Amino acid sequence: MTLPLRTPARTRRLLLGALALSTTALLTACGAGADVGGAGVACDVPQPDSATTVNVLSYNSPSTNPFSDAIATGCTGGNLTVNAPTTDFSGQSQRAVQSLSGDQASYDMVEVYGLVLPLYAERDWIQPLDDQIDAKGDDLAIDDIDPELLAALQYDGQQYALPTFWGTVIFVYRQDVFDDLGLKVPTTFDEMYAAADTIRAETDMENPLALPFNAAGDTTTSYNQYLGSLGGSWFEGDTAVPSLDTPESIAALDAMRATYQQMSTQSTSWSSPEVITQLQTGQAAMSMLFAGRVSALLDEGQTDQFDNFAFAVPPSVKEGGTPATSLSVDGLSLAANSTVDDDLLFDLLGVATGADAAEEAAAATIPARTTQAQAADLPFEKAARDVLEGANPNGLPQVPYMSDVYAAMAPVLARVVNGEISSADGAAQLQAAAVSAVASAGFAP
């Protein structure tokens with residue numbers, strides 16, 4: 001990919017953009033070199049010659065913890081200490097920028113995902129891994145990771161992180177309700193709205209459709225889903241010119257407004273946890289959620305409906321379109337400013353993203369390793385994989401100014417969803433906001 005020309009203020013502005021994004025979105029065990037480490041994860045990393053500490057920065061969640069715990073618990077011992085302090089998502093983003101942009105790393109291994117990886121790679125904050133993968137790919141069993149997932153963590157043709165887990169937005173529904181009312185899984189939004197009308201009329205559910213529509217960021221994910229389903233794009237080809245004032249963009253905004261009108265007026269304050277609660281308590285019967293977040297619906301300790309949920313490919317906005325989905329891939333990267341030996345860090349990365357860690361994670365999410373994902377027999381994995389292998393998994397564009405553009409969308413989308421402005425005006429404002437964000441990030445068309 002050829003990047004656009006950069007303005008002289010690129011360095012300062014990219015850092016400001018990264019900081020803006022970050023405001024949006026010791027245990028003892030068998031020592032390193034032992035056959036089996038803590039949490040059931042094998043760790044045969046060679047011992048360093050002297051006392052060495054490796055710090056891992058990963059946000060705390062059931063999906064991420066197994067990978068960081070694999071080395072914090074399993075590889076600590078002898079001369080090696082691996083720390084993985086508990087950090088929330090926004091705190092992780094802030095600390096990542098501060099650590100990676102400094103002269104010396106506070107964190108040697110950092111959790112990344114598609115929205116931030118291009119920025120980190122463009123700034124040379126994280127290390128390309130291709131040479132080490134070429135040298136140790138067989139040991140890593142890299143072929144067990146879907147190429148689509150590896151590609152999601154590449155930038156400018158180089159691999160900057162190894163995937164840990166992934167998810168696509170999938171359709172979640174109450175199988176028992178659909179069966180009782182003779183409903184079919186919707187393939188278009190109109191069919192989804194019609195199903196909501198039927199459920200509303202035939203049950204005591206006032207708002208059977210519940211989606212994450214939090215104005216602080218979830219609406220931007222929805223916009224990406226709907227725009228991709230309609231065949232639209234964020235930018236003109238490989239340029240930094242936004243293309244958000246197109247007919248496809250206007251239609252995506254129309255769909256967001258129509259979807260909101262099918263839901264509770266409180267939905268603009270809901271993210272995934274609130275939506276999951278609606279489903280768990282029987283207040284809703286349909287949603288679209290990232291697959292990595294739905295395991296709570298299957299936990300009989302959390303909901304009486306645990307055996308009533310089913311999963312499918314999401315509907316398309318219009319007939320003939322691709323599913324209204326989005327691909328998210330998380331992974332671990334190595335800080336370029338770390339003073340820890342590169343070979344040791346890569347060996348630890350191999351353990352953290354390896355088969356044992358993937359098996360530990362499979363109880364809560366879809367691990368990137370196909371063998372462990374399929375062995376876990378997760379009820380939602382097939383729907384997510386059907387999307388992944390479909391025509392348009394719809395990940396965000398892998399450009400370093402994407403985080404700035406993404407952050408600029410939310411205020412405009414909120415006004416469209418609430419009916420304060422028309423979709424046409426909203427598209428024009430999205431275009432202006434995106435143009436400004438790209439310029440502020442230090443890039444020119």
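Read the figures in this text as sums done on the coordinates, not as results from a lab. Because the structure is predicted, anything quoted here is derived from the model rather than measured. Don't worry about glycine lacking a Cβ; one is built from the backbone with ideal geometry, like all the others, and counts go over all protein chains shown.
What nm distance separates the two modelled labels at residue 377 and residue 148, each placed 7 Å from Cα along Cα→Cβ?
My value for the distance between the label points is 2.4 nm.
Mind putting a number on the dipole of the chain about its Cα centre? Charges go on the C-beta only, +1 for Lys and Arg and -1 for Asp and Glu, and I need it in Debye to the nearest 20.
Charge dipole of the chain: 1520 debye, to the nearest 20.
Which listed residue (320, 309, 264) has the Cα farthest towards the positive end of the charge dipole for the chain, taking +1 on Lys and Arg C-beta and -1 on Asp and Glu C-beta about the Cα centre?
Looking along the dipole axis, the top candidate is 264.
Using a Förster radius of 22 Å, what is the FRET efficiency between residue 136 and residue 389 based on their Cβ-Cβ separation? Nearest 0.05, please.
Result of the calculation: an efficiency of 0.20.
Between residue 158 and residue 239, how many nm apart are label points set 7 Å from Cα along the C-beta direction?
2.8 nm
Among 196, 234, 292, which residue has its Cα furthest toward the positive end of the charge dipole of the stretch 172-293, with +1 on Lys/Arg Cβ and -1 on Asp/Glu Cβ?
Most positive-ward Cα: 292.
In nanometres, what is the gap between the two model label sites at residue 203 and residue 53, each 7 Å from Cα along Cα-to-Cβ?
About 5.2 nm separates the two model spin labels.
What is the Cα centroid distance between the stretch 387-432 and the stretch 165-202, reported in whole angstrom?
25 Å
Suppose R0 equals 45 Å. What FRET efficiency, 1/(1 + (r/R0)^6) with r the Cβ-Cβ distance, do residue 310 and residue 424 give to the nearest 0.05?
0.75
Figure the gain on full extension for residue 274 and residue 106 (residue separation times 0.36 nm, minus the Cα-Cα span) and round it to one decimal in nm.
Full extension of this stretch gives 57.1 nm more.
Positive end of the charge dipole of the chain (Lys, Arg +1 and Asp, Glu -1 on Cβ, about the Cα centre): tell me which of 409, 70, 211 has its Cα farthest that way.
Final value for the positive-end residue is 409.
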